[in-house]
Each structure stands twice: as C-alpha cells, then as structure tokens.
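Presented below is the structure to which this report refers.
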Amino acid sequence: MSTTGINTGGNVQMAAGKTQADRRLLAVVGYLFLALLAVFCIFPFLLVVSSSLTEESKIIEDGFQLIPTAFSTEAYGILFQFPDQMLKAYGVTIAVTAIGTLLGLFLTAMTAYVLARKDFKWRGHFSFFFFFTTLFSGGLVPWYLLIVNDLELKDRLIVLILPMLLNVFYLIVMKTFMSSIPEAITESAKIDGAGDFRIFLQLIIPLSKPALATIGLFIALGYWNDWYNALLFITNENLMPLQYYLYKMLGNMDGIRKAMLGSGAVVTASIPTESLKMAMTIVATGPILLAYPFIQRYFVQGLTIGAVKG
Amino acid sequence: MNRHGFWRDVVKHRTLLLMLAPAVLYFILFAYVPMAGIVLAFKQFNYAGGIFGSPWNGLDNFRFFFESGDAWRVTRNTALYNIAFIVVNNVLQIAAAILLFEVAGKWFRKITQTVLFLPYFISWVVVGAIAYNLFNYDVGTVNVLLKATGMEPVDIYNTAAYWPVILVIVSAWKAVGYGTIMYLAAITGIDTEMYEAAEIDGANVFQRILNITIPNLYPTVIILVLLAIGNIFRGDFGLFYNMVGNNGLLFSSTDVIDTFVFRSLTTSNEIGMSAAAGFYQSVLGFATIMLANWAVRKYDKDRALF
C-alpha cells in the first residue's frame, strides 16, 4: 500500500470508517486472489520437481503427487550415469544460443541504428520493407521448401540459428531506444571525422547497453527454448538441441531405453521411465530456473518499453 | 538530373546502406522469396520441378481443402480459441494488475510478480511435459485427486470435449505474468493526483477502481485487444502441438490452421493443399490485421501500427 503513494487515511476523517472497511474487504479479496493465482502458477513446477524425486514404484502405484511419497534420486542417478546424449544436446543448445544471440544482437543493433538515423534518406522505405513481413507472409510451406530444397540446410547446425536471427519486433524496440540517444552525439563525432560504422561501434553500442541487455536476453531465451526448427529440420541425433531432445524422449520412452542401453546401461526393466521423464524436464529447464531471478528485471524492462511504444 | 541526385545520395549514404545490407538480404531471402512461393498454392507440386517449375493446377488445391470440410473446422477452432484467449487472459491480467497495485505490499508484490512471470520462461515442450504430469490416465495428478475423493478417473487424452477448457487454462497460465506486468506499468503511469482527489471526495476503494483505474486502462486495453484481434487467424503452434501433438482423437476440438498445415506438409505430404491452406491463412490474417489497424487508427492515431 505504501508503495503506491496513495494516502492511506488519517487526514481525511469524514469517510474514515467506511473506507477502512472497504480497504479491509479489498485487501482480503486481493491477497486471496493473488495468492491463489501464484499457487496456480507455481504448482506445476513443484509437481514436476517432486515427481522427479519420487520412487518409480510409488508413482505407478499412487500417481504423481505434490510431496514425494517415497523419496528417491534414482532418476537423476541414471541420467547422470549415462549423460552422453543429454550432454550432446546441451552442447548444441549452448552453441546455437551463443552464436545466435551474439550475431542476432549485433545485426539487430546495426540495422536499428541506421533506421534510427534521422538524416538517413530512405529510413521510411526500409522500415516499411521490414515491417511488411509481419503483416503478410508466404506461410510455412514455401519457407520450408526454400530451406530444405533450395538452400539444402536440413540437418545442418546453421538451420537452428538462421530462422531466428532477426526479428522485426526487436528491431522496432531497438530503433525506439536508439532514437532517444541525442543526435548531437552523432553530429559531433562526424565533425571529428568519424565514419558511420565507427560511430555505431564506438559510441552507439556503449550507450545502448540497457537495450542490448534486454533484447539480447529475449533473443537468448528464444534460442534456448526453441524446438520448432529442430522439429522441422533436424533428424540427426547429434544435432538435436535440448528442448527437442526432451520432446523426443517424452514421446518415446523406448528411445530412452535404447539410449541407455546404447551407452551400455542397466537392464531395460529397471529404468524408471516416469520419474526419468520428469528428471529430464528439470535438467533441461534448470539453467533458466537458476538464472531467472537475476534476468527477470531485464525482461520486465523490455515489456515496459513495449507497453509505452505500443 | 533526378537520377544524378539518386546516385549522389547512394554514395553519400554508402556506409549506412552497407550496414543495412545484411538485414535486407536476410529478409529478402527468408520473407520475400517465400512470399513469391505462394504460387505453389495453385500448382501440382513435384520435387523435380520445385516451386516454380511444377505444373499449374488452377484452384484444385483450394477445392480439395474446402471440400474436405477441414477448412471450416480449423478456421472455426483457430478463431474461437483466440477469442477465448483474448477474453480470459485480459480479464485475468487486468484483475491481477489492479489488485497487485492496490493491496500488495512491496515484498508480496515482488514475489507474486516473479511467480506469475515464471511460466513465460518455459519452453512449450516443458509445458507439454507438465500437462502429461497432470492429465495422464494412470498416474496423472488430476486422476490421483479424483480417485482420492472417490470419483471415477477421466480419460483426458482420449476425450476431445475437455480440451477447449484445458487449452484456455494453459494459455492463461503461460501468459498471465507477461500481461500483468504490461497492465501494471500502465496503472503505475496513472496520475496519482486523481486518486487523491477521489479520496477527498469520499470515494471508497471500489469506486476508485471502477471510476479511475479502469477507465484509465481503456486505451491500453483497447490497443492490445485490437492487435490481438488482428492475429485471430494465427494459431499458437507451440501450444497446440505440444499439448495435443498428433493425437487424432482430439482434432475435432483442437485442430487449428497452423497444426493442420504442419501435418499436411510433414505427415500426409499434401504439399499443394497445405500451401493453399497457408495462403488462405495469410490472406485472412492480412485482412484482419489491416482492419484492426484501421480501428486502432480511428481510436488513437499515435497507437496505430502504421
């Protein structure tokens, strides 16, 4: 209440009794509603964590429960005993996320800077050229055939990077941010004889750090969570990113058994498939959950820029 | 003379044009070339001929798509789901934002906001895993609870009727944090003097919410909703595909244009027909977004997309 800056009573005596009762009612309703909503949001996560730590036989017997009926780390044990496939998928995801984010962020910033330059003669034309692609598209099929038949990118690592490299919405947010950098900075650097590219690299990039951090994290999250491009274009097991690997494993426990057997693992019957599915889900989501408290505020920043500019 | 001026401008802007070149080439290749590939919708595709070499077949692909009855089913599902998402998500997000603003203390607000935003960060694959955890017939939590209270377990993955409700709830769950933060930002921007004036006039908190907060949110709500309506024929592929997958038993109530096009392309290999369906979606989408933008423009010129 104090944070809203609203007067909480005291100096307005006339309706004090009435507003007090109203406030109490609103507080009860509000806290109850928000607490229920929060439980609704966090409950599935707790359920997955708990299930991954429950003994397999108990899951089969009693189903997934919020509190493990019989605690066991067996699923994680098996996962870490034969981590080859999982590590490969981690490697693919980390490589794709790192390359895609750096390259995508650089291109986004460079493009946005040109569009933000008020002395650039064709900025309107080019802005429309980019923006139009969000209004109309050829649809999935021609795009898919272009990548598979003409560019022959199927089962190449680059096909996980290219489709998400540039995004018009991020271009617009970045351009909005760069438009707020005073023109005088570019002007005076020009007078000193600096070229446009050098101005961008040495002046604009350092000044754009907040926007770069926010957009960079949005791009990185997109790459980390991507499974769609792998679903369309990847069949080679060595090139599967983490989320797609998880998708495959969830739908196909025989696949898990084979992977475990392939790496010289245990007897088929003793693999705890249900808890293993949940343990895999946790391991695939882990880095995001760990980073979440630290990166959250950048995303909130990004949303509020978006909210202000529409 | 004019021509001269053009080339002089090109030379003058050469560095900026070079800096723009990678992005321009990128969008030509991955957006404009596929746009030209739309002709595929009017062709009998074969791999030897490719998009431009395959023979024409007039409107056969469209006839196939519309006469099968699929067109109506997936269009209806896509539009109805999006309408349900727009209504439920916005009401929930606005309520959460108002209550967070009105009642929550600093710490409670921070923690709640963090928890609500968490589902946004999870991939759709993980959402699918969570759904399995909840709805599986033998071990799912829903059936655990039903059995514990003496009721019959339900076979959710084989019953189409449950899915509209489930999908609306999952969509609300994933989007609630994102929208709440947007609306909270809009509420925080309301002039506090208005609240102080209302208080002096003896308004209670409910009157204040109804007469100040909500009317001040109208511009944001109207813009966001109109833009969402512009995308009403675009289905959220990640949501539908990871929740339902290729489970044909559920298609009557869960198949949207995007999942239909994907399946026609990858599993049934009906390339011409899926291109026709994609073209149909693009045209429908273009028309609605133009309409929505026209509406936004009428309402508030500065908020329009273009």
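Points worth noting:
- Verdict on A:Phe43 being of a type in the set (Phe, Trp, Tyr) and touching a residue at least 24 places away in the same chain (Cβ under 8 Å): no
- Flag if B:Val154 is at the interface with another protein chain (Cβ under 8 Å from one of its Cβ atoms), touching a Leu at 6+ places or on another chain (Cβ under 9 Å) and modelled with pLDDT of 90 or more: no
- Every pair of residues 6+ apart whose Cβ atoms lie under 6 Å, when the first sits in the stretch A:112-126 and is within 13 Å of A:Ser208 (Cβ to Cβ) and touching a residue at least 60 places away in the same chain (Cβ under 8 Å) while the second is surrounded by 17 or more Cβ atoms within 10 Å (Cβ to Cβ) and of a type in the set (Phe, Trp, Tyr): A:Tyr113/A:Phe200
- Every condition in (1) crowded, with 24+ Cβ neighbours inside 10 Å; (2) of a type outside the set (D, E, K, R); (3) more than 9 Å from chain A (Cβ to nearest Cβ) is met by B:Thr259 except one, and the failing one is (1).
- If you check B:Ile181, B:Ile223 for being more than 13 Å from the chain's Cα centre (by Cα), within 10 Å of chain A (Cβ to nearest Cβ) and under 30 Å from B:Ala71 (Cα atoms), only one passes: B:Ile223.
- Summed over the stretch A:230-239, the residues that are within 12 Å of another protein chain (Cβ to nearest Cβ), touching a helix residue (DSSP H, G or I) at 6+ places or on another chain (Cβ under 8 Å) and either under 20 Å from A:Met278 (Cβ atoms) or not aliphatic (A, V, I, L, M) (or both) give a count of 1.
- For beta carbons closer than 9 Å, sequence separation of 6+ or different chains, a first residue in the stretch B:41-63 that is charged (D, E, K, R) and a second that is at pLDDT 90 or above and surrounded by fewer than 12 Cβ atoms within 10 Å (Cβ to Cβ), the qualifying pairs are B:Lys43/B:Pro55; B:Lys43/B:Trp56.
- Residue satisfying condition, being at pLDDT 95 or above and either buried (at least 20 other Cβ atoms within 10 Å of the Cβ) or part of a loop (DSSP other than H, G, I, E, B) (or both), within set A:Ala194, A:Ala230, A:Ala211: A:Ala230
- Criterion (more than 7 Å from chain A (Cβ to nearest Cβ), in contact with a Pro (Cβ under 8 Å, 6 or more places away or on another chain) and in a helix (DSSP H, G or I)) met by exactly one of B:Ala131, B:Ala84: B:Ala84
- Taking the numbered list (1) within 30 Å of B:Gly278 (Cβ to Cβ); (2) of a type in the set (A, V, I, L, M); (3) more than 27 Å from the chain's Cα centre (by Cα) in turn, A:Ala194 passes all entries but (1).
- Filtering B:Val11, B:Val103 for residues that are without any contact (Cβ under 8 Å) to a residue 24 or more places away in the chain, surrounded by fewer than 16 Cβ atoms within 10 Å (Cβ to Cβ) and either among the charged types (D, E, K, R) or within 14 Å of chain A (Cβ to nearest Cβ) (or both) leaves a single hit, B:Val11.
- Exclusive hit being touching a helix residue (DSSP H, G or I) at 6+ places or on another chain (Cβ under 7 Å), of a type in the set (Ser, Thr, Tyr) and more than 7 Å from every other protein chain (Cβ to nearest Cβ), set A:Thr111, A:Thr186: A:Thr186
- Looking only at residues of the stretch B:19-73 that are at pLDDT 90 or above and of a type in the set (Val, Ile, Thr), we find that the one that is surrounded by the fewest Cβ atoms within 10 Å (Cβ to Cβ) is B:Ile28.
- Matching residues, the stretch B:184-213, being under 17 Å from A:Arg23 (Cα atoms), loosely packed, with under 15 Cβ neighbours inside 10 Å and under 34 Å from the mean Cα position of the chain (by Cα): B:Phe206, B:Gln207, B:Leu210, B:Asn211
- Residue list for the stretch B:262-296, restricted to those being over 18 Å from the mean Cα position of the chain (by Cα) and polar (S, T, N, Q): B:Ser264, B:Thr266, B:Thr267, B:Ser268, B:Asn269, B:Ser274
- Residue in the stretch A:115-134 that is over 19 Å from B:Leu16 (Cβ atoms) and outside any helix (DSSP H, G or I) present: no
- Of all residues in the stretch B:281-304, those being out of contact with any Leu (no Cβ under 7 Å at 6 or more places or on another chain), at the interface with another protein chain (Cβ under 9 Å from one of its Cβ atoms) and closer than 24 Å to B:Thr75 by Cβ number 5.
- Residue match in the stretch A:106-113 (condition: polar (S, T, N, Q), crowded, with 17+ Cβ neighbours inside 10 Å, farther than 22 Å from A:Leu242 by Cα and modelled with pLDDT of 90 or more): yes
- Per-region count, the stretch B:106-128, residues surrounded by fewer than 19 Cβ atoms within 10 Å (Cβ to Cβ) and in a loop (DSSP other than H, G, I, E, B): 0
- Search result, residues across the stretch A:127-166 that are in contact with an Asp or Glu (Cβ under 8 Å, 6 or more places away or on another chain) and either of a type in the set (Lys, Arg) or more than 7 Å from every other protein chain (Cβ to nearest Cβ) (or both): A:Leu160, A:Met164
The values are calculated or read from the model by the stated rules, or taken from the named source; none is laboratory data. Computed from a predicted structure; not experimentally measured. Every residue, glycine among them, receives a Cβ derived from its backbone with ideal geometry; neighbour counts consider all protein chains shown.
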